[in-house]
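Read the structure below first, then the notes.
The values are calculated or read from the model by the stated rules, or taken from the named source; none is laboratory data. Computed from a prediction, not measured in an experiment: that's the story for all the values here. All Cβ positions, even for glycine, are placed from backbone atoms using ideal geometry, and neighbour counts span all protein chains on display.
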Amino acid sequence: MVNTASPCYDGLVLTEIEQRLLQALNDLEAASAVLKTAQPKPDLVSLFARVDALAAQLPPDADPELRHFLQRKSYPKARQRLLHLPCAAFKPCRAGG
């Protein structure tokens, strides 16, 4: 089922798991950015585990380049891939886009 609450781009949306993965990657990036100055230090281990758990939930037909980045722990590249997926990797938007 497509989540119609997600942003539509040219009538297409990220799947729910892709949205959750993008949020986890955003959270990881934000935590990494303040790592040197934050007190207490962010729990990066749990953030990495969350990203890995969500990556494991991707369907077999998920974007191969996204899978590649996640398997190689190239999280910034995976995040960028989710932000700029080609249209073919998106699911049709039921909101009529």
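Here are the numbers for this structure:
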quantity: A78 out of contact with any Gly (no Cβ under 8 Å at 6 or more places or on another chain), assigned to a helix (DSSP H, G or I), under 17 Å from T15 (Cα atoms) and touching a residue at least 12 places away in the same chain (Cβ under 8 Å); calculated: yes
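For every residue, the table says whether it meets (1) assigned to a helix (DSSP H, G or I); (2) of a type in the set (S, T, Y); (3) at pLDDT below 95.
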| site | (1), (2), (3) |
| --- | --- |
| V2 | no, no, yes |
| A5 | no, no, yes |
| R20 | yes, no, no |
| S32 | yes, yes, yes |
| A53 | yes, no, no |
| E65 | yes, no, yes |
